[in-house]
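Novice: Submitted below is the structure of interest, expressed as structure tokens.
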Amino acid sequence: VDDLESPKTKDDEEEEESEMIKKGDLVKAGFDVTDPWFGITLQEWYFGTVSRVKKEKISSSTPAYKIDVLYADKSKGTLPFPADDVEKADGHVYPDTFFVGDSVDCLHQDGHRPGHEGKWYRGRISSISDDGSTCDVLYLDQDFEFNIPTKEEKIRLIKRADLKGDWMMNKKTTMPVNESGEKFQYRAGLVASREGEKFCVTFTDGTSESFDYVEVATGVFSMLLVDISQKDISLWPVSSSSSMASTARLRRQMREKLAAIKESVSPKPKPNAGKKSASNKNAPKVKVERSVNVKMEATKERAKPIKREIVRSILYAKIDVDEVTTDTPMKKGVRSVKRLKMDAGQWQEGASVEEQYDASENDNIVGTRRRAKDFPPGLANVIWCALNSPEPQTGANLLRNMLCVQSIVPPIHLVEKLMDLIKFGPKAEGSSVYFKDPLRTQLASSYACALVTASSHLVRKDDSAIFGPSSWDDIEILLSQSIAQTENAISGRRLAQGLQMAACGSKLLSLMLRSELQGNDLSSTSFTFDVTLMKFMPTVKVLKCEGLRNVLKAVVRHATSCLVRHSKWILDHDLNELSPIERASAECCASEAKTCLDSLGSVVCYTAWLFCSEEGVAIDHSSSAIIIRDEFLSELARSIENLPEMSNKKKTTFTKKVKLHFLLSLVEEFAFPLQDSVGKMIGLEDILYSNTI
């Protein structure tokens, strides 16, 4: 009897639970991370803090938990514990020295960038100063930050670089020319082989030299900077004691370095390259075949003049969706779309899109884009003040006319302000408090949508997209607006304003994906994530860097939360019982809530298509449908807990209605097979094949 173990009491179990894992503990979770720069997949740790611990009911001697984790980049996730790829962490690692190629987490812009406060982002060290006091980081979301201090615990080590250098074999590199008189001059080459601790680089002129690991690795990362646009390059915020001259010097040095690297890749012709040398004077003359330049104007038909008084922007082409008159099942529904066509100054109702669409227009997506014009100096701030004012119509009209008539696009800093206004709402100049103004939000959103649509035929001077998200935070905020902007608002004008702001954000996000993917055949999932093409697809680029599987889960989660939170307005709601004043706000809430859900459903469709393209499977493959089903049902169960208590019968009816409306939000035509698969998995198979809904 003495050898028998006494049964554990409830107090013992609670004490054991608190010893294993508790709220506030630092944990690390292993994820497969794809390096977009080198195309390799690595398993790396992501650190986070436990925000909630829930014990699972499993018949096992070892207790199991579900833990909610807030990661260093402010994203959230739910993990099982204990697990092979989830561990408690002793602490972060701040080493004395770093190496080029180390995988690190960095406090981007010292944690002071608006919308990115206190967020750590994953990247790799691309270069280190001679004294080791500062370094440059190339982030996985393809941003670049330089002059980051290494001794102030602003950057922490995740994984050491492979100093054997296998990851940079057969990669392009650029090496500095020390004997030249210029400050920055480089030679482009290829990492050919390794000889002991040295690496052999073969240059474009056929010569070869050996260098150590640091020099070659720095050159490999420097070569990657050629494809980064200027807006994605940022300087670490210098201290207040530093002068403006030192900041300008650092920026100038980086510009000169990048220009020298680009010149090493595509060298400029020498000034006397076109002159005849004296040694060739006596060379025999050879008849050279000359190309004949044919004026294209002679072969084109003369364009018909367009009446000035009816010039309209093609960015706002109106579409009409035909109503289906016959009662057909959802799976076999035919949705034809017609558009209006402007020809010779007149708007005429054209044929269906299938008849008017010319596939050859998108054969060369990159080559058909024209370079847009920049704002005149000093005009950007004036127009922004006009847009962000109590009477924003003047600024909005001027911005739209400059875009549609003269192809003038705003600078990067004005685009960031525009995105912040759509995400958080306007704020007074010099103030940090945001407020809601439906007129400003609507005008800013309309202009942003015009910029997105114009990106299909315009690019900036550096060949980057005109408008798009700069990071995953921009997209996540747009996804979560239907919840974040309606906090503590049940009905009335305040709720209507919050939903209107959320509808603008979700419509913009849906339009960004639709515009960037419009040149692809969405009926198949044969899509290549080409680096050059990603410059014109900032939204797709951000989703790809974040991980399309995780993004698909997040989008489904936000769409489900929006549907359950605003089910009062999205589901059947009788407005006749309300007074005329209350009915106006209620109608606005219902309209904007349905717009939010439809836009988020569209984002789900495009994200699922990108995920299937990455996995190399068809859109009707079960992999994407299973992810959507699991995340939808999990979020549905979690969201229903926050609603008032209902009887089992009402709860069953409510759940079925929510499932049906979520399924109906997947309205994109290419996603009908996905809609069918998800409907079967969530128990709506009987509705899918019935003639009435």
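The values are calculated or read from the model by the stated rules, or taken from the named source; none is laboratory data. Please read these numbers as outputs of a predicted model, since none were measured by experiment. We place every Cβ from the backbone using ideal geometry, glycine too, and count neighbours over all the protein chains shown. The area values use the complete protein model at the heavy-atom level, side chains included, leaving out ligands, DNA and RNA. Shrake-Rupley method; radii C 1.70, N 1.55, O 1.52, S 1.80 Å.
Novice: At 0.36 nm per residue, minus the direct Cα-Cα distance, what do Ser193 and Lys656 gain on full extension? Give it in nm, one decimal, please. Please list the in-between numbers first.
Specialist: Values: separation 463, 0.36 × 463 = 166.68 nm, distance 6.25 nm.
Full extension of this stretch gives 160.4 nm more.
Novice: Label Lys151 and Arg493 with points 7 Å out from Cα along Cα→Cβ: what is the distance between them in nm?
Specialist: 5.8 nm
Novice: Need the full-extension length gain, Thr394 to Thr41, defined as separation in residues times 0.36 nm minus the C-alpha distance. One decimal, nm. Mind dumping the intermediate values first?
Specialist: Working: separation 353, 0.36 × 353 = 127.08 nm, distance 5.05 nm.
Between Thr394 and Thr41, full extension yields an extra 122.0 nm.
Novice: Taking the Cα-to-Cβ direction at Asp212 and at Val433 and moving 7 Å from each Cα, how far apart do the two end points lie in nm?
Specialist: About 5.8 nm, to one decimal.
Novice: In the structure displayed, which of Lys88/Lys154; Lys76/Lys154; Lys423/Lys544; Lys507/Lys553; Lys553/Lys651; Lys76/Lys535 lie more than 26 Å apart, Cα to Cα?
Specialist: Values: Lys88/Lys154 22 Å; Lys76/Lys154 22 Å; Lys423/Lys544 21 Å; Lys507/Lys553 19 Å; Lys553/Lys651 24 Å; Lys76/Lys535 28 Å.
Violating the 26 Å limit, Cα to Cα: Lys76/Lys535.
Novice: Hey, can you grab everything whose amide H is under 5 Å from the amide H of Leu190? Only 5+ residues off in sequence or another chain; H modelled, so Pro and N-termini drop out.
Specialist: Placed amide hydrogens put Thr173, Thr202, Phe203 under 5 Å from Leu190.
Novice: Right, here's the next one. Can you give me the distance in nm between label points at Thr34 and Arg251, each placed 7 Å from the Cα along the Cα-to-Cβ direction?
Specialist: Between Thr34 and Arg251, the simple spin-label model gives 3.5 nm.
Novice: May I ask you to compute the full-extension gain from Lys164 to Leu379, defined as 0.36 nm times their residue separation minus their alpha-carbon distance, rounded to one decimal in nm?
Specialist: 72.1 nm
Novice: Asp131 to Ser523: FRET efficiency via 1/(1 + (r/R0)^6), r the Cβ-Cβ distance, R0 41 Å, to the nearest 0.05? List each step's numbers first, then the result.
Specialist: Details: r = 57 Å, r/R0 = 1.40.
Computed FRET efficiency for Asp131 and Ser523 comes out at 0.10.
Novice: Based on the mean of other beta carbon atoms within 10 Å per residue, what is the order of 124-135, 89-100, most packed first?
Specialist: Values: 124-135: 16.9, 89-100: 13.3.
Going from most to least packed, we get 124-135, 89-100.
Novice: When the accessible area of the stretch 465-552 is split by element with a 1.4 Å probe, what percent falls to carbon and sulfur? Could the numbers behind the result be given before it?
Specialist: Working: 1430 of 3040 Å².
The nonpolar share, carbon plus sulfur, comes to 47 percent.
Novice: Under 19 Å from a label point 7 Å along Cα→Cβ of Val238: give me every residue in the stretch 142-169 with its amide N that close.
Specialist: Only 145-152 fall inside the zone, counting backbone N under 19 Å.
Novice: To continue, here is another question. Give me, ordered by chain and number, the residues 5 or more places off Val93 or on other chains with an amide H under 5 Å from its own placed amide H.
Specialist: Leu157
Novice: Can you grab the distance from the C-alpha centre of the stretch 39-111 to the C-alpha centre of the stretch 447-526, Å, no decimals?
Specialist: 30 Å
Novice: Estimate the FRET efficiency between Asp686 and Gln442 by the formula 1/(1 + (r/R0)^6), using the beta-carbon distance for r and 41 Å for R0, to the nearest 0.05. Let's see the in-between values first.
Specialist: Working: r = 41 Å, r/R0 = 1.00.
Computed FRET efficiency for Asp686 and Gln442: 0.50.
Novice: Nearest 0.05, what FRET efficiency do Glu117 and Ala89 give at R0 = 25 Å with Cβ-Cβ as r?
Specialist: On the way: r = 23 Å, r/R0 = 0.91.
The value I calculate is 0.65.
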